[in-house]
Amino acid sequence: MTLLQKRSAAPQPAMRRRWFKRAAPAAIALAGVFAFWECYARLSGISALTLPPPSQVVAQAWAHRQDLLANAIPTLRATLFGFCLSLAAAFLLSVVVDFSTILRRALFPVFIISQTLPLVAIAPLVVLWFGFGLTPKILLVALVTFFPMLVALAQGYAATEKELEELLASMGASRWKRFWLARLPSAMPYLFAGLRISITYAVVGAIFAEYAGAAEGLGIYILNAKNNFRSGLVLAAVGVSSLLTLALFGLTIICQRFLVPWTAGSAAADHQRGGQ
Amino acid sequence: MSDVLLKLNGVCLRYGALEVLSDVSLSVKPGEFVSIVGPSGAGKSTILKVLTGAAQADAGTIEFDGKAPGRNDGLFAFMPQRDALMPWRRILDNVTLGLEVQNIGRREARRRVEALMDEFGLTGFERHYPAALSGGMRQRAALLRTVVMERPMLLLDEPFGALDALTRNRMQRWIEGMWLKHRWTALLVTHDIREAVMLSDRIYVLSPRPARVAEIFDIPLPRPRLRDETARARAASIEGAILDMLFSTQEGPAT
């Protein structure tokens, strides 16, 4: 009760303090890594061509910001298109395998085999087949991202409370209605868990595809920088791809807040999950 | 025949090798509140499943208003154990679920529900998610979702089993009042014998699995019972008789 009153009386500072408490350890850890790297690069006598200190990487990133941005945009485009294709495919396939046991038995092994293919070997082939344009990138991003989402959806459907389906059946709901009203919403928290895993693969997948052959993009930028012995620029591009991934990761969390507010890690939802 | 609404005659059911219902016969008249009590695992809930169509009887007959009920006749409004509220729907959308399934328009569904919100003590919580409600309120919402379907008969599967003792008592008083007003025809499954005695016109006591009706108790007490001292005392003695009967039929030590 007192906690509630306190919170409602002064929500802003309390929330800021809580946020700070959660973010501070991560910030300190990250700062520590960079400080160590900076000291090591400066004091060990290692060549800046081999390992530039982070301050120098940042300086080079700033100096080449226009190039980096120009190459980040195609990568982001490939990532988002590939991810959308992947999400659509994962959703459609999840519905198909949810409704048909035979298709589930037929298709799941195929999906699993698709995840055993080494990307290093597949990426150049896909580029060979589909050219240097957007298509091979989209396909490769989709290949590396669709499986976690598909598995998450299938798991989510299976985790639907049996009582909900019994209730709907007693109301006279068809199989489709039960899917739409109970199974699909039940799978949403699972989908977002899968989404967060997938999105971390997505940018890496796009860069890999570009690495195998592209006219523009962070992947080809990294390849060129490496061939010119510009380690600083390689690391700068790596940093940009990292930031892209983090931004997309953050976006999924925001989407979850808005689209499925009952799951978004609210105290009430946590309490309920703990209570059941 | 028309004075009996629901009639089960010699219903048997087995899941594979497990015989769950061996011979269940019971009847419910219009406006009656009938309870089924019995040891846990006896198959009480299975009887409701047979009625909702979630399970198929292997033998015996079921008659509703003199006819065999069809799968989609919409005869029973079922309230499952726990509340089965959907955590992703606000209370208002949870209680209109049954109407939505029956393709009743959203506006019409809300109009029907809103007329009852107050009586069910849910006014002001329409926009809340179930997680924000207390156990008693969630149970009232689940009951509202059930009765608003306006089906001829309610099937209540241990509706208050998950509540703490005090809340359960309050809910029983409340539902007694509601029943006196609306006179729903209801079949209640419960393991709480006191609850059954307080609410029912008649109680069917099941034997341990495989279930058959071991004894039928008519409860001729005047209502409301939960607020009346003498009714409570007489109810307690009936409760004792049912408990004695239950324990005497159980072979071996109670579990």
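What follows draws every value from the coordinates through simple rules; no lab data is involved. The structure presented is a predicted model; accordingly, all values stated were derived computationally and were not measured. Reconstructed Cβ throughout: ideal geometry from the backbone, glycine too, with neighbour counts over all protein chains shown.
Observations
- In chain B, the calculated helix contribution to ellipticity at 222 nm averages -11000 deg cm²/dmol per residue, counting -39,500 (n - 2.57) for every DSSP H run with n ≥ 4.
- Hydrodynamic radius of the protein assembly as shown by the Kirkwood approach over all distinct alpha-carbon pairs: 28.0 Å.
- Neighbouring Cβ atoms from other chains, within 10 Å of the Cβ of residues in B:129-135, number 4 on average.
- The Cα-based radius of gyration of chain B, divided by its Kirkwood radius, gives an Rg/Rh of 0.96.
- Estimated FRET transfer efficiency when R0 is 45 angstrom, pair A:L51-A:T252 (beta carbons, to 0.05): 0.85
- Neighbour cut-off at most 11 other Cβ (10 Å), DSSP loop, chymotrypsin sites (Phe, Trp or Tyr not before Pro), segment A:75-118: none
- Rounded if a/c under 1.5, otherwise prolate or oblate - segment A:64-265, Cα gyration tensor axes: prolate
- For A:C84, net neighbour charge (Lys/Arg +1, Asp/Glu -1) across residues whose Cβ lies under 14 Å away: +2
- Most positive-pole-ward Cα, B:L75, B:S22, B:W88, against dipole of chain B from beta carbon charges: B:W88
- Listed residue (A:S100, A:F130, A:A215) projecting farthest to the positive dipole end of the protein assembly as shown, Cβ model: A:A215
- When each of A:K162/B:K7; B:K29/B:K67; B:K29/B:K49; A:K177/B:K49 is checked by Cα-Cα distance, pairs over 24 Å: A:K162/B:K7
- Using C-alpha pairs under 8 Å with a sequence gap of at least 6, the mean separation divided by the residue count of segment B:6-184 gives a relative contact order of 24 percent.
- Dipole moment magnitude, nearest 20 debye, segment B:1-51 about Cα centre, only Lys, Arg, Asp, Glu C-beta charged: 120
- Kirkwood hydrodynamic radius (C-alpha pairs) into Stokes-Einstein, segment A:137-183, 37 °C and 0.692 mPa s, D in µm²/s: 268
- Qualifying aspartates and glutamates (Cα of each under 16 Å from Cα of A:K226; at least 8 residues distant if same chain): A:D67, A:E210, A:E216
- Taken residue by residue and averaged, Cβ atoms of other chains lying within 10 Å of the Cβ of A:139-152 number 0.
- Ranking of A:E165, B:E63 by neighbouring Cβ atoms within 10 Å, starting from the fewest: B:E63, A:E165.
- Judged by the mean number of other Cβ atoms found within 10 Å, the most tightly packed of the peptides A:19-27, B:20-28 leads the ranking B:20-28, A:19-27.
- Within-14-Å neighbourhood charge of B:R127 [Cβ basis; K, R +1; D, E -1]: 0
- Each Cα pair under 8 Å and six or more residues apart adds its sequence gap; the mean of these over the residue count of chain A is a relative contact order of 23 percent.
- Unit charges at the beta carbon, dipole of chain A: most positive-side option, A:V260, A:M149, A:A61: A:V260
- Helix-only CD estimate at 222 nm, as mean residue ellipticity for chain A, using -39500 (n - 2.57) per DSSP H run (n ≥ 4): -27500 deg cm²/dmol
- Computed magnitude of the charge dipole of chain A (debye, nearest 20; Cβ of K, R +1, Cβ of D, E -1): 720
- Net charge contributed by nearby residues that have their C-beta within less than 12 Å of B:D228 (K/R +1, D/E -1): +4
- Nearest-20 debye value, the protein assembly as shown charge dipole, Cβ charges on Lys, Arg, Asp, Glu: 1640
- Average beta-carbon neighbours from other chains, 10 Å sphere, peptide A:167-179: 6
- Three principal axis extents describe the C-alpha atoms of segment B:152-255; from largest down they are 42, 32, 27 Å.
- When the alpha carbon gyration tensor of segment B:71-188 is reduced to an equivalent ellipsoid, its three semi-axes come out at 20, 18, 13 angstrom, largest first.
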